[in-house]
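Each remark here refers to the structure printed beneath this line.
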Amino acid sequence: MFKKSLLLGVISGLLSGIVSVIFQKVYAHSLGSDFIDIVKPVNIISASLFGGILAAVGFWLFDKWLKTKGEIIFNFIFIILSFASILWPLAVKLPLTVDTPELFPGMVIPMHFFPALAWFTLKPIFIKPQK
Amino acid sequence: MKKIILSAIVLSSLAAIFAFTLSQNWQITDQYNITFSTSGASGIFKKFTGSIAFDDQNTVTSKFDVTIDVNSINTGNGMQNKDAKSAEWFDAAKYPVIKYTSTKIVKTGSSYQSTGNLQMHGITKQITIPFTFKRTGSGGEFDGVFTVNRNDFNIGKPDAEVGTDIKLTVSVPVIKK
């Protein structure tokens with residue numbers, strides 16, 4: 001179970017990282033700001049991968065401790081933490097050389113939900129629902 | 001007697017004209033830096049314009065007439081920028097500029113002091129700004145640090161989390177016009 005969970009975490013983390021980088025490019029193309037000096041693509045992919053691995057460990061622990069209810073509680077916690085993490089882009093103080101800090105949350109907040117989205121999308125492929 | 005009076009008038013007129021023409025006009029370059037800081041808030045104003053007539057040897061005819069665009073405020077945070085421009089703080093829609101016009105500039109040792117009217121948030125107060133001036137070839141740089149009490153200009157609530165004394169650091173490189 002841990003191996004499957006870890007593989008799901010790594011793949012969903014990488015996928016969300018790649019999607020986030022694509023989103024950054026689309027955002028830059030539409031609004032002219034990509035904040036590339038603040039959020040580098042390598043950092044986006046690393047953070048997404050870290051999120052995916054953390055989710056994998058969390059899922060495995062909840063599944064082990066709480067059995068059938070573990071997944072439900074894990075899903076709630078994953079989403080709550082994703083929501084809570086948007087406080088950072090809202091509160092962060094960017095370097096004063098950045099002309100449009102107003103556009104920063106609009107780019108980063110969606111990225112905070114991509115790991116959960118990728119996890120929920122890929123989970124049925126790696127871990128079959130318990131009957 | 002008439003000749004003496006006439007000569008005195010001519011001489012004083014010439015002195016006045018001479019003193020007036022001595023004041024050098026300076027053009028503000030794009031490398032200026034207007035920063036503010038207090039507990040709970042700090043940032044810069046990105047747009048600064050105005051006219052500067054200054055002679056370090058003759059401050060009598062020197063004059064500053066400068067304007068800051070309130071909408072150019074940047075704290076580094078989008079929500080703080082929006083708050084700063086709102087009616088509770090600078091009210092940028094109603095008072096889009098901060099204006100300073102000097103009325104007297106004096107030399108104090110190796111530095112200078114400019115007394116003038118600071119107009120901000122619809123209120124005008126007389127303030128004194130200490131500053132230095134360094135000549136660099138055909139240009140120069142004005143540097144000054146001073147403090148403004150935001151309550152004097154009704155900016156923000158008096159008991160807000162942001163400090164009342166705002167430290168302003170001004171650095172204005174100039175070139176001869």
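Numbers at a glance
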| quantity | calculated |
| --- | --- |
| Residue that is farthest from B:Asn81 (Cα to Cα) [pool: residues in segment A:97-131 that are open to solvent by 60 Å² or more (accessible area, probe 1.4 Å) and of a type in the set (A, V, I, L, M, F, W, C)] | A:Ile125 |
| Positions within segment B:100-112 being open to solvent by 70 Å² or more (accessible area, probe 1.4 Å) and in a strand (DSSP E or B), in sequence order | B:Thr103, B:Lys104, B:Lys107 |
| Filtered residues of segment A:61-71 (kept if open to solvent by 70 Å² or more (accessible area, probe 1.4 Å) and among the hydrophobic types (A, V, I, L, M, F, W, C)) | A:Trp65, A:Leu66 |
| Condition met for A:Lys128 (basic (Lys, Arg), over 22 Å from A:Lys40 (Cα atoms), more than 11 Å from every other protein chain (Cβ to nearest Cβ) and part of a helix (DSSP H, G or I)) | no |
| Per-region count, segment A:72-95, residues open to solvent by less than 60 Å² (accessible area, probe 1.4 Å) and either within 21 Å of B:Gly78 (Cβ to Cβ) or touching an Asp or Glu at 6+ places or on another chain (Cβ under 9 Å) (or both) | 9 |
| Condition broken by B:Ser138, with the remaining ones in (1) at pLDDT below 95; (2) touching a Pro at 6+ places or on another chain (Cβ under 7 Å) satisfied | (2) |
| Filtered residues of segment B:6-37 (kept if at pLDDT 90 or above, more than 14 Å from chain A (Cβ to nearest Cβ) and either assigned to a strand (DSSP E or B) or surrounded by 15 or more Cβ atoms within 10 Å (Cβ to Cβ) (or both)) | B:Asn25, B:Trp26, B:Gln27, B:Ile28 |
| Residues (within 19 Å of the chain's Cα centre (by Cα) and open to solvent by 30 Å² or more (accessible area, probe 1.4 Å)) located in segment B:128-165 | B:Thr128, B:Pro130, B:Thr132, B:Lys134, B:Arg135, B:Glu141, B:Asp143, B:Val145, B:Thr147, B:Asn149, B:Asp152, B:Asp165 |
| Matching residues, segment B:54-90, being small (Gly, Ala, Ser) and outside any loop (DSSP other than H, G, I, E, B) | B:Ser72, B:Gly78, B:Ala84 |
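A quick yes/no check of all residues on (1) open to solvent by less than 20 Å² (accessible area, probe 1.4 Å); (2) more than 14 Å from chain A (Cβ to nearest Cβ):
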{"residue": "B:Ser42", "(1), (2)": "no, no"}
{"residue": "B:Lys47", "(1), (2)": "no, no"}
{"residue": "B:Ile52", "(1), (2)": "yes, yes"}
{"residue": "B:Ser62", "(1), (2)": "yes, yes"}
{"residue": "B:Thr67", "(1), (2)": "no, yes"}
{"residue": "B:Ile73", "(1), (2)": "yes, no"}
{"residue": "B:Gly78", "(1), (2)": "yes, no"}
{"residue": "B:Glu88", "(1), (2)": "no, yes"}
{"residue": "B:Thr115", "(1), (2)": "no, yes"}
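The values are calculated or read from the model by the stated rules, or taken from the named source; none is laboratory data. The model shown is predicted, which means the values in this text are computed figures rather than measured ones. Don't worry about glycine lacking a Cβ; one is built from the backbone with ideal geometry, like all the others, and counts go over all protein chains shown. These accessible areas exclude ligands, DNA and RNA; they are computed on the full protein's heavy atoms, side chains included. Shrake-Rupley method; radii C 1.70, N 1.55, O 1.52, S 1.80 Å.
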